[in-house]
Amino acid sequence: MRKILAVFFIGVFGYYMLAILMDFPFGIDHLNPGLAGAYLKDTVSKTGAVNVVTSIIVNYRGFDTLGEVTVLFLAATGMSALLYDGKTMNRSRQNASVIVKAGSRLLFPLIIILGAYVFIHGHLTPGGGFQGGAIIASGFLLMFISYRNYHVSHRILSNVESTAGSVFVVLGLLGLLYGATFLENIMPLGIPNKLFSGGLIPLIYIAVGFKVGAELTALLDTMLKTVK
Amino acid sequence: MVYYIASLSLILIGLYGVLVKKNLIKIVLSLSLINAGIHILLIAIGYIDGRTAPIFSTPELRPEQMVDPVPQALVLTAIVIGLAITALALTIVIRLYDHHKTLDVSKIRELKW
Amino acid sequence: MDYMSIIVIILAVLLILAAFFVIRSKDLVAAVVASAVVSLISSIYFYILQAPDVALTEAAIGVALTTIFFMITIRKTRRDEE
């Protein structure tokens, strides 16, 4: 009965979704000339960044990104509050094999360098703070699963995280101090397609990269430590 | 068109899982399927045939040769928020299991209203 | 029919099969691995649809981190769907 009702509901829902999507044929230009066209036209001259997606996320919609980072922080805080039960456990089960250990020790610095590259070059190539932070966290994950007693200091992680978050807010307030609006791009824009260009965009994305990397690593450590 | 059908079937399969399944981890998995379907749908709506990614990596590229960047920025945000939501939901699942020793929603009576 | 559309159709079939497997499988670990396959194929789709930023994000977050969170949860609770 429940399944039949669900299938019926899904059929109706799918029919109407498909009917709506018929108005948006695939691959046709239905780009909004006022918004997307302006982003595409003005990005290089106004923000100095070449990657339009990065300039939208960090510059035009920088306030949204601050909210997004806050949501991630709140989720991490909520998880730690729910999982903490007063006793810390160490993950001492059987060790991984020698090949896995040696391989992950070899790969770990390379993964960290890749993550740092991705978030430093966020305004030039695909990538940015969120992607770089996630790559760094997966590097730490590799160490967590191959070395059972690998240990990160939560104090250092929370210091890195709070410093990076404060840097984001302070850079935004600088815009209010020297310009007109919060997160205004007050630094010189530089030549497009060079590493030192884009004004505040690379600085903010580096701060976001450190924050996301530290946060996700702390999340993984909290969850892995409470596994029985 | 293939993208629309693929993303729509992901959304519908996920919706079926949320409505019918009773295991809590299955429900969270179905939610992440719906998430993935919506991401593909948004990116597919922003795609324009024969155009390239919105990155001015060479000076010859013109704005008329690029796809819509707004859905991409939107989906980038949505993926990160989706990870935060999934992690929080799974933490609540762990705590519920600790308390009730079951993952079946129909057996967790106190949750029903 | 060029090569690209054939690849896209094959990937779509795989995507839908993996999604069905996520819902049908009684073993939760297999379901989680199938959902990682869904994430991987959607990452390839983002790359084909000219969204390299989103493809990178999905590959790092959807494939690696979400999967490991589900795995930890299964380890802490139970593996079979009752």
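Of the residues screened, A:L177 is one that is assigned to a helix (DSSP H, G or I) and farther than 26 Å from A:L72 by Cβ.
Of the numbered criteria (1) closer than 20 Å to B:I85 by Cα; (2) in contact (Cβ under 8 Å) with a residue 24 or more places away in the chain, the one C:A60 fails is (2). Being at the interface with chain B (Cβ under 10 Å from one of its Cβ atoms), exposed (fewer than 14 other Cβ atoms within 10 Å of the Cβ) and more than 20 Å from B:Y16 (Cβ to Cβ) is the filter here; which residues of segment A:12-26 pass it? Those that are at the interface with chain B (Cβ under 10 Å from one of its Cβ atoms), exposed (fewer than 14 other Cβ atoms within 10 Å of the Cβ) and more than 20 Å from B:Y16 (Cβ to Cβ): A:M22, A:F24, A:P25.
When A:G78, A:G27, A:G48, A:G67 are checked against the criterion of being in contact (Cβ under 8 Å) with a residue 60 or more places away in the chain and not polar (S, T, N, Q), A:G48 stands alone in meeting it.
Checking the structure you have, find out if any residue of segment A:180-203 is under 16 Å from the mean Cα position of the chain (by Cα), crowded, with 24+ Cβ neighbours inside 10 Å, in contact (Cβ under 8 Å) with a residue 40 or more places away in the chain and assigned to a helix (DSSP H, G or I). Checked against the condition, which is being under 16 Å from the mean Cα position of the chain (by Cα), crowded, with 24+ Cβ neighbours inside 10 Å, in contact (Cβ under 8 Å) with a residue 40 or more places away in the chain and assigned to a helix (DSSP H, G or I), segment A:180-203 yields at least one hit. Chain C holds helices (runs of 4 or more DSSP H) entirely within its bounds, and those carrying 1 or more residues that are open to solvent by 50 Å² or more (accessible area, probe 1.4 Å) and within 7 Å of another protein chain (Cβ to nearest Cβ) map to C:3-24, C:52-57, C:66-76. Among the residues of segment A:29-52, those identified as open to solvent by 10 Å² or more (accessible area, probe 1.4 Å), facing chain B (nearest Cβ under 7 Å) and farther than 11 Å from B:P69 by Cβ are A:D29, A:K41, A:V44. Candidates are the residues of segment B:82-94 that are β-branched (V, I, T) and open to solvent by 40 Å² or more (accessible area, probe 1.4 Å); the one that is nearest to A:S80 (Cα to Cα) is B:I92. If the condition is being more than 9 Å from chain A (Cβ to nearest Cβ) and open to solvent by less than 10 Å² (accessible area, probe 1.4 Å), then segment B:62-81 contributes only B:V75.
The one condition from (1) more than 26 Å from C:L56 (Cα to Cα); (2) open to solvent by 70 Å² or more (accessible area, probe 1.4 Å); (3) not β-branched (V, I, T) that A:L82 does not meet is (2). Given the criteria of a type in the set (S, T, Y) and buried (at least 21 other Cβ atoms within 10 Å of the Cβ), does B:S32 qualify? So B:S32 passes the test. Comparison of B:R109, B:R95 shows that the only residue that is within 24 Å of C:D80 (Cβ to Cβ), at the interface with chain A (Cβ under 9 Å from one of its Cβ atoms) and without any contact (Cβ under 8 Å) to a residue 12 or more places away in the chain is B:R95. Of the residues making up segment B:66-112, those that are of a type in the set (S, T, N, Q) and modelled with pLDDT of 85 or more are B:Q72, B:T77, B:T86, B:T91. Among the residues of segment B:52-61, those identified as open to solvent by 10 Å² or more (accessible area, probe 1.4 Å) and either at the interface with another protein chain (Cβ under 7 Å from one of its Cβ atoms) or of a type in the set (S, T, Y) (or both) are B:T52, B:A53, B:I55, B:F56, B:S57, B:T58. Give C:T57, C:T77 a once-over and let me know the one that is modelled with pLDDT under 95 and either in contact with a Gly (Cβ under 9 Å, 6 or more places away or on another chain) or closer than 29 Å to A:G127 by Cβ (or both). Result of the check over C:T57, C:T77: C:T57. Residues satisfying the criterion are present in segment A:145-156 (criterion: open to solvent by less than 40 Å² (accessible area, probe 1.4 Å) and of a type in the set (V, I, T)).
The values are calculated or read from the model by the stated rules, or taken from the named source; none is laboratory data. Keep in mind that what you see is a predicted model, and the values were worked out from it rather than measured. Ideal geometry is used to build each Cβ from the backbone, glycine not excepted, and the neighbour counts take in all protein chains shown. SASA here: full protein model, heavy atoms, side chains in, ligands and nucleic acids out. Shrake-Rupley method; radii C 1.70, N 1.55, O 1.52, S 1.80 Å.
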